């Protein structure tokens, strides 16, 4: 090194070079660059694993009539309360019905419950959140005060009260969820819109003469909808468990429906000597919940990486 060159290498007081200039607890740039792909791969694995589990459950629901060895209501009084065996993998109930077949048929009911329960509050909350966040003023006050009133009541108690007024059944559950659950989506979308509407691309769209509806639908919504989509994915689990709980209380699907919650209700009086009647439908609920939870986590991480 010549006298005109500057020594940029960090050194100790005695002039010797430092062994490692990286502060403790921090990764070097090379370590960060090598750790980032591993993190992205792990996030991708969650997404793929969750999607594979959901596809498997959907396939079971679609092909249940061909996979199930017996019909959902087929009874055999000579095979009542048989424990799990090669002939009946999940055992039989008090009427001799095959639990394995009923769990397969129930998959379509519970998937429909989860998806149908999510769609109305998602659409209503997204619409109201966009209007409240974009226009503000009176619209924002009306929407947010209505949300405050709904959130003042416990979620489950309010759902049970609405179902009790409308009548027992899955349709009443769907209506009750739509009337109550839109609040979370409205608050989420409103907060995103309040930030995004001040961005430059929104000002550019307005300067080009775009209407308010076009600005919201074509420019704002695609940039703020990702968090609501992830929330809706994880909400599917909540509503499956909710309907299962209401079915257990006799407020949603009721026996002899093969809905998993109704099957758990049927088996509660036989828990001492026929535990399998309630166990396997309960495990089906757990597996479905894990599938959507893992998929939601992977989707959230994937969208977060993309937005960065």
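Values in this text are rule-based calculations from the coordinates and carry no lab data. This one's a predicted model, so the numbers in the text were calculated from it and none came from an experiment. Cβ: placed from backbone, ideal geometry, glycine included. Neighbour counts: every protein chain shown.
Mind sorting 301, 110 by how few other Cβ atoms lie within 10 Å of their own Cβ, fewest first? Before the final figure, lay out the partial values.
Details: 301 18, 110 28.
Ranked by crowding around the Cβ, least crowded first: 301, 110.
Rank the residues 99, 116 as a footprinting-exposure proxy: fewest other Cβ atoms within 10 Å of their Cβ go first.
Fewest to most other Cβ atoms nearby, the residues stand as 116, 99.
Show me the ranking of peptides 145-153, 220-228, 128-136, 255-263 by mean Cβ neighbours inside 10 Å, starting with the highest.
By packing density, highest mean first, the sequence is 255-263, 128-136, 220-228, 145-153.
Cut-off is 10 Å between beta-carbons; in what order do 85, 278 appear when sorted fewest neighbours first? If you can, show how the numbers build up before the last one.
On the way: 85 11, 278 22.
Going from least to most buried by this count: 85, 278.
If R₀ is 22 angstrom, what is the calculated FRET efficiency for the pair residue 81 and residue 168, using the beta carbon separation as r and rounding to 0.05? Intermediate results must be reported in sequence, preceding the final value.
Numbers: r = 28 Å, r/R0 = 1.27.
Efficiency computed from Cβ-Cβ geometry: 0.20.
Per residue and in Å³, how big is the convex hull formed by the alpha-carbon atoms of region 99-185?
97
What's the extension gain from residue 95 to residue 208 if we count 0.36 nm per residue and subtract their Cα-Cα distance?
Full extension from residue 95 to residue 208 adds 33.7 nm.
Sort 167-178, 238-249 for me by packing, meaning the mean count of neighbouring Cβ atoms within 10 Å per residue, highest on top.
Order by mean packing, descending: 238-249, 167-178.
By how many nm would the segment from residue 249 to residue 195 lengthen if fully extended, with 0.36 nm per residue of separation less the alpha-carbon distance?
Working it through step by step, the gained length comes to 15.2 nm.
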